[in-house]
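Notes to accompany the following structure.
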Amino acid sequence: MKAPFALFAAAIMLSGCSQGERVMAKKIDQMCGDKPNCVSTLDQREEHQLAPFTLKDGVTLEQIATVALTLPGAKLAVEEDRYLRIECTSKIMRFVDDLELEQQDNQLIVRSESRVGYSDFGVNRKRAEQLRNALNDAGLLSK
């Protein structure tokens with residue numbers, strides 16, 4: 001009985017380690033797939049939909065990045081023009097989720113998705129709402 005559990009645990013740990021450095025495709029404009037491990041401000045399906053992030057006038061991408069990088073496990077992976085991709089790594093299993101942000105005028109497009117697995121147990125939605133609260137606390141969001 002212990003051997004199957006040990007094998008399962010080892011496989012999970014190795015899959016977390018195997019994520020390594022990857023070149024990730026930009027998915028900010030894509031709808032989430034059918035798995036419950038993704039949320040987006042562009043997706044209209046209830047299980048994936050995030051409420052809009054409306055920015056105050058004059059907010060810069062640098063200000064957004066500063067706030068977003070305070071999220072747990074966050075590391076800047078890509079910054080270009082009005083786009084950020086932040087890799088968020090979980091503490092224990094070291095799973096990597098991609099948080100993508102794109103500033104379009106006074107709207108912040110937000111997409112957060114797990115790289116592996118089926119369900120994320122609500123982690124990406126929680127992260128997006130943590131970002132919303134942090135941006136609001138920093139005075140960057142319109143009410």
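Each value in this text was obtained by applying a stated rule to the coordinates, not by laboratory testing. Remember, predicted model here, so these are calculated numbers, not experimental data. Here the Cβ is made from the backbone with ideal geometry for all residues, glycine too, and neighbour counts use every protein chain on show.
Can you return the lysines within cross-link range of LYS56? Criterion is Cα-Cα under 29 Å, with same-chain partners fewer than 8 residues away left out. Here the lysines satisfying the reach criterion relative to LYS56 are LYS26, LYS27, LYS75, LYS126, LYS143.
Under the convention that each Lys and Arg Cβ holds +1 and each Asp and Glu Cβ holds -1, the size of the dipole of region 41-143 around its Cα centre is about 400 debye. Residues in region 119-124 carry Karplus couplings, in order, of 9, 10, 6, x, 4, 5 Hz; the curve used is 6.51 cos²θ - 1.76 cosθ + 1.60 with θ = phi - 60°, and Gly or Pro positions show x. Inter-label distance, ALA65 to ASP34: 3.8 nm, where each label sits 7 Å from its Cα along the C-beta direction. Residues whose amide H lies under 5 Å from that of PHE53, counting only those 5 or more places away or on a different chain, are LEU108; hydrogens are built 1.01 Å from N in the peptide plane.
Across region 64-78, computed HN-Hα scalar couplings (Karplus, 6.51 cos²θ - 1.76 cosθ + 1.60, θ = phi - 60°) run 4, 4, 4, 6, 4, 6, 8, 5, x, x, 7, 9, 5, 10, 9 Hz from first to last residue, x flagging Gly and Pro. Residue order for ARG127, ARG111, fewest other beta carbons within 10 angstrom first, comes to ARG127, ARG111.
Exposure proxy shown here: for ILE28, ILE86, ILE92, the number of other Cβ atoms within 10 Å sets the order, fewest to most, as ILE92, ILE28, ILE86. Going from the residue with the fewest nearby Cβ atoms within 10 Å to the one with the most, VAL123, VAL78, VAL110 rank VAL78, VAL123, VAL110. Projected label points at ASN133 and LYS75, each 7 Å from Cα along the beta carbon direction, are separated by 2.5 nanometres.
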